[in-house]
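Student: Have a look at the structure that comes next, please.
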Amino acid sequence: MKKEENKILIVDDDPRICWMLNEALKDESYKILTARDGRSALRTVVEENPQVMVLDIKLPDISGLEVLEKVREAELKVEVIILSAHGETKNVVQAIKLGAADFVNKPFDIEEVKMHIRNTLERGELKKEVQYLRSELKAKNWFESFIGDSPKVTEIKKVVEEVADSSLTVLIRGESGTGKEIVARILHHISSRKDGPFIKVNCVAIPKELLEAELFGYERGAFTGAYKRKPGRFELANQGTIFLDEIGDMPIELQAKLLQVLEQREFVRVGGVENISVDVRIICATNQDLEKNLAKGSMREDLYYRLNEITISLPPLRERREDIPLLVEHFLKTYNEQFNRQFPSLSPSTMRALEDYNWPGNVRELENLIKQTVVRGDEGIIISELRKRSLPSPTPSAPRITEDDLSLKRASQKAVEETERNLISKVLDQTNWNRRKASQILRISYRSLLYKIKEYRIDS
Ligand SMILES: Nc1ncnc2c1ncn2[C@@H]1O[C@H](COP(=O)(O)OP(=O)(O)OP(=O)(O)O)[C@@H](O)[C@H]1O
Ligand SMILES: [Mg+2]
């Protein structure tokens, strides 16, 4: 591995730390980039594609954990080493969940940081190879990876097979966790474009200001920081498929440009004049009510009709309960292999409980539950989890009114807070702390969810 190709991004608001690491790592002939707050760190990751980011947790704008979360949501390929002060155990647990590659305690020894960076770079290379091999293997049986033989799933498989090879735009709709992304990947992998790239863009995860540059690329000098031309994801997807996930969140200002690509397969880079032509298949997905967006004016009508060339609607799991045993068997096998366990099949009564449950988080929720069961080696958690999740949100008992708290208004406010807190914790558990998903289920904005988590001090 040639070291000089490796870019390392140091993110710390303390200029002395940035300077010290910069000096020490220069000898290693890495290219060092620095950022002093979370937002500029994200921008640098998008623009420069560093291999490793050394990230402080405390930053002046958004926290290091939020940076890590955004990096994961946008599926940016950077390994993250967290710098944390002693006593920040809770943050470390959260960072592990978010897939941080390594941790360094502050105050640190320079040699130690160097070693962590070297190890992380090596592991990153290895991971790439394994992922590649795995996807090769998967490509052979893509079609079988979509589990289910209910009439609804059989019908979907038929449509998928019929439309895979056409160049028509496909819109995949369905609640969260119903398998929209798998269907998009299958469409690509069984089409004649399968040897070309499959590029996924999560429209909601990329900051609005960056989305246009990310999709269409930019020319040198297009904006501050655009030092050189960068191709966008449409160009990267040439000869392959682009998957625009969460299309319902595409900002209205970008919709006309997207429509032009859909119609003419042509666009102009940000800051450019030349028309770029691409040969891409476009697949979109959403769990939103696009008709409502249309009525609200947050989606253009012409784009809506254009996206609707072929629609595949995935049913929620509760409408195809007969697929549950097959899915359970599939996930047991997958996770027994992955974690090297021999967890046997489930008892009939547990299976019945699974078939009776309502599955607001659909297949993803089922998959997570089976994964936990295999890892913990205990079938009992299924029944207790399902019972917990099925409970109606607790109606608050009349709050005890104290001397200094006699106001009726305050009492009902307290009750509301308690109900909200319980419901939010429940949904966060159900979605494995995927806050974006949770906000959708709770029908509040992502921002207000983050605010409430903080306000109610909800921990994972
Ligand atoms: N029919 C299926 N067979 C096997 N696994 C499935 C099936 N449907 C979904 N899954 C699994 O469930 C999880 C969620 O699926 P996926 O990410 O495709 O859902 P989604 O509809 O894109 O959800 P979201 O709207 O939340 O992004 C994935 O791990 C996927 O592998
Ligand atoms: Mg998805």
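Where a number appears in this text, it was derived from the coordinates with a stated rule and is not lab data. Since this is a predicted model, take the numbers as computed values, not measurements. So basically every Cβ, Gly included, is an ideal-geometry build from the backbone, and we count neighbours across all protein chains shown.
Student: Write down the Kirkwood hydrodynamic radius of the range 1-60, to one decimal in angstroms, obtained as one divided by the mean of 1/r over all alpha carbon pairs.
Tutor: After inverting the pairwise mean of 1/r, the radius is 11.5 Å.
Student: Mind scanning Lys97/Lys152; Lys31/Lys97; Lys77/Lys200; Lys70/Lys437 and naming the pairs with a C-alpha gap bigger than 23 Å?
Tutor: Table pairs above 23 Å Cα-Cα are Lys97/Lys152; Lys31/Lys97.
Student: Taking H placed 1.01 Å from N in the peptide plane, check which residues at least 5 places from Val270 or on another chain put their amide H under 5 Å from its amide H.
Tutor: So Val270 has HN proximity to Gly217, Tyr218, Glu219.
Student: How big, in percent, is the set of alpha carbon pairs in the range 317-390 lying more than 18 Å apart?
Tutor: Here the long-distance tail beyond 18 Å is 30 percent of all Cα pairs in the range 317-390.
Student: Residue farthest toward the positive end of the dipole of the range 317-390, with Cβ of Lys/Arg at +1 and Asp/Glu at -1: which of Leu386, Phe339, Ser349?
Tutor: Going by the Cα projections, it comes out as Leu386.
Student: Rg to Rh for the chain: what is it, with Cα atoms only and Rh by Kirkwood?
Tutor: Ratio value, two decimals: 0.98.
Student: What share of the DSSP beta bridges in the chain is antiparallel, in percent to the nearest 5?
Tutor: 10 percent
Student: Would you mind getting me the FRET efficiency between Asn422 and Glu23? Use the beta-carbon distance for r and R0 = 60 Å, nearest 0.05.
Tutor: Between Asn422 and Glu23 the formula returns 0.75.
Student: Kindly provide the GluC sites (Glu not before Pro) of the range 1-72 that DSSP labels as loop, not H, G, I, E or B, and whose Cβ sees at most 16 other Cβ atoms within 10 Å.
Tutor: Glu28
Student: Let me ask something else. Take the alpha-carbon positions of the range 45-130, form their convex hull, and give its projected area averaged over all directions (one quarter of the hull surface) in nm².
Tutor: Mean shadow area of the hull around the Cα atoms is 6.0 nm².
Student: State to the nearest 20 debye the size of the charge dipole of the chain about its Cα centre, where the only charges are +1 on K and R beta carbons and -1 on D and E beta carbons.
Tutor: I would put it at about 360 debye.
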